[in-house]
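Q: Sharing a structure below in structure tokens format, with a few things to ask.
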Amino acid sequence: MAFFAIIFILSAFIVIHAMIGYPILLKILNRILKPSPIAKDCDFEPMVTYMIVAHNEEDVIEEKLKNAIELEYPTEKMQILVASDNSDDSTNKLVEGFIFAHQNNRIELYCTREHKGKTNAQNEAQKLADGEILVMTDANTILHYDAIRQLVSCFSDDSIVYVCGKLEYSNSDDNPTSNSESTYWDMDLSMRDIESKISTITAGNGALYAVRNEEYIDFAPISCHDSIMPFTYAKQGKRAVFNPDAIAVEKAGETYEDEYKRKVRMNRDLFDMLGWGFSVLNPFKYHWFSAFYFGHRTCRYLLWVAHLVLILSSLGMALCGLSVAWYAVLMQIVFFIIAFVAIKVKIKNRFVRMVGYYGMTIFAQVNAAYNIITGKAKPVWEKAESTR
């Protein structure tokens, strides 16, 4: 009985800390420490390479390039580099046509010979980057006119090597799926803002981020820059920060299927991310980052395990004679039944939608873990059409 009770408490702590405790802890720290906003110098204008990563993006690539040349940053100080991940539609031809029609802008196209995913395309294209600052973005992401200037302004501080912008969803009110993602994302951004002011963030944002070109690392194609870059730089004692004034806009997935696939993809290196978390659990060496990574990342990556252990430990206590534990088993089963139904059936109730969204997150982690164990996790994926 005692064994089941202990692992039940530990698992419950992981779930509660990930979703409630850590956000509250950050708010308390923010109030006590009163950290200053990130220092910015908007007159700082180094050479920038603006990398756009694309794979079969014929529907959006021209709009993306039009947005790129309209950004408020000196034309002579910006290299626009399209990294085409072995596109086999008309993406490359459209880019070439745009280059020909806009010869006053420095726009270049790099095509990989094999389709190995976003990170590999970035690794290869980075060798052509001339900028001191390397700004990276997706083909379906539209930037606010001053987004690059805002990102770059943070690099006036030599201790900062990575900056991510703020992603907003253009369809946040259009349907239950995108609305749920937007609600979750807003909460996540508020936590990043506090982490950034105090020390360093635990993860970035693939829609818009920048790194000092000299600090770029060729990570394995299976890795995701969102997770591995801030972590790697934090371990080196360097800062990765969030600038909410550098704004990017794109569509969130409008179907649970698209959002589910995205979450499975995001967790394709789930086991590595868990290992990273245990490697920085030393506050004497990593200071605030230890607490930040444990609360914001490790506990979240363990949610699928924690919920499985919660059910099993509840069942164990019930079978050992603790009758009230049967209610815990029943409540958990009902919760995930509601989540499953919410995913399959369009329900207007906001609470039920959020339960469904949370359940989808857990199911996606289980799926990702299965893919890793069976060797099915890959660095390439099919884009979500509802985000285009």
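Q: Would you be able to say whether some residue in region 55-73 is touching a residue at least 60 places away in the same chain (Cβ under 8 Å), open to solvent by 20 Å² or more (accessible area, probe 1.4 Å), within 21 Å of ASP245 (Cβ to Cβ) and of a type in the set (D, E, K, R)?
A: So far as region 55-73 goes, yes, one or more of its residues are touching a residue at least 60 places away in the same chain (Cβ under 8 Å), open to solvent by 20 Å² or more (accessible area, probe 1.4 Å), within 21 Å of ASP245 (Cβ to Cβ) and of a type in the set (D, E, K, R).
So that you can scan it fast, the table gives a plain yes or no per residue for (1) within 23 Å of SER196 (Cα to Cα); (2) open to solvent by 30 Å² or more (accessible area, probe 1.4 Å); (3) assigned to a helix (DSSP H, G or I):
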{"site": "PHE219", "(1), (2), (3)": "no, no, no"}
{"site": "ALA234", "(1), (2), (3)": "yes, no, yes"}
{"site": "VAL241", "(1), (2), (3)": "yes, no, no"}
{"site": "ALA246", "(1), (2), (3)": "yes, no, no"}
{"site": "ALA252", "(1), (2), (3)": "no, no, no"}
{"site": "PHE294", "(1), (2), (3)": "yes, yes, yes"}
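Q: Can you tell which of VAL82, VAL53, VAL48, VAL95 is more than 21 Å from ASN205 (Cα to Cα), in contact with a strand residue (DSSP E or B) (Cβ under 7 Å, 6 or more places away or on another chain) and of a type in the set (Val, Ile, Thr)?
A: From the options VAL82, VAL53, VAL48, VAL95, the qualifying one is VAL95.
Q: Going through region 110-169 one residue at a time, which ones are charged (D, E, K, R) and assigned to a helix (DSSP H, G or I)?
A: Across region 110-169, the qualifying residues are LYS118, GLU124, LYS127, ARG149.
Q: Would it be correct to say that VAL95 is farther than 18 Å from ARG212 by Cα, in contact with a helix residue (DSSP H, G or I) (Cβ under 7 Å, 6 or more places away or on another chain), open to solvent by less than 10 Å² (accessible area, probe 1.4 Å) and of a type in the set (A, V, I, L, M, F, W, C)?
A: Here the answer is yes, as VAL95 does meet what is asked.
Q: Hey, does region 272-285 have a residue that's among the acidic types (Asp, Glu) and either buried (at least 20 other Cβ atoms within 10 Å of the Cβ) or modelled with pLDDT under 90 (or both)? Outline the logic, then answer.
A: Let us first name the residues in region 272-285 that are among the acidic types (Asp, Glu), namely 272.
Okay, now just the ones that are also either buried (at least 20 other Cβ atoms within 10 Å of the Cβ) or modelled with pLDDT under 90 (or both), so none.
No, every residue in region 272-285 fails to be among the acidic types (Asp, Glu) and either buried (at least 20 other Cβ atoms within 10 Å of the Cβ) or modelled with pLDDT under 90 (or both).
Q: Of everything in region 8-43, what is more than 27 Å from the chain's Cα centre (by Cα) and either surrounded by fewer than 17 Cβ atoms within 10 Å (Cβ to Cβ) or part of a strand (DSSP E or B) (or both)? Give them in sequence order.
A: Within region 8-43, ILE9, ILE32, ASP43 meet the criteria.
Q: Looking at (1) open to solvent by 40 Å² or more (accessible area, probe 1.4 Å); (2) without any contact (Cβ under 8 Å) to a residue 60 or more places away in the chain, can you tell me which one SER87 breaks?
A: Unmet condition: (1).
Q: Which one is most open to solvent (accessible area, probe 1.4 Å), of the residues in region 196-217 that are of a type in the set (A, V, I, L, M, F, W, C) and touching a Phe, Trp or Tyr at 6+ places or on another chain (Cβ under 6 Å)?
A: Per the criteria, the residue is ILE198.
Q: Pairs only if they're at least six apart or on different chains, beta carbon under 6 angstrom, first in region 263-275 and touching a residue at least 60 places away in the same chain (Cβ under 8 Å), second of a type in the set (S, T, N, Q) and in a loop (DSSP other than H, G, I, E, B); list them, first residue then second.
A: Matching pairs, first to second residue: ASP269/SER223.
Q: Further question: Looking only at region 115-132, which residues are buried (at least 22 other Cβ atoms within 10 Å of the Cβ) and more than 25 Å from ARG268 (Cβ to Cβ)?
A: ALA129
Q: Determine the pairs where a residue that is in contact (Cβ under 8 Å) with a residue 40 or more places away in the chain, located within region 350-365, has a partner that is assigned to a helix (DSSP H, G or I) and of a type in the set (Asp, Glu) with Cβ atoms under 7 Å apart, the partner being 6 or more residues away or on another chain.
A: Cβ pairs passing all conditions: MET360/GLU259.
Q: Taking region 355-384, which residues are farther than 15 Å from LEU308 by Cα, out of contact with any Leu (no Cβ under 8 Å at 6 or more places or on another chain), aliphatic (A, V, I, L, M) and open to solvent by less than 60 Å² (accessible area, probe 1.4 Å)?
A: VAL355, ALA377, VAL380, ALA384
Q: Provide a single number: the residues in region 252-308 that are over 22 Å from GLY356 (Cα atoms) and basic (Lys, Arg).
A: 1
Q: MET331 - would you say it is open to solvent by less than 60 Å² (accessible area, probe 1.4 Å) and either in a helix (DSSP H, G or I) or in contact with a Phe, Trp or Tyr (Cβ under 6 Å, 6 or more places away or on another chain) (or both)?
A: no
The values are calculated or read from the model by the stated rules, or taken from the named source; none is laboratory data. Just so it is clear, the model here is predicted, and its values are computed rather than measured. As a convention, Cβ positions derive from the backbone with ideal geometry for all residues, glycine included, and neighbour counts pool all protein chains shown. Just so you know, the surface numbers come from the protein's heavy atoms only, side chains and all, with ligands and any DNA or RNA stripped out. Shrake-Rupley method; radii C 1.70, N 1.55, O 1.52, S 1.80 Å.
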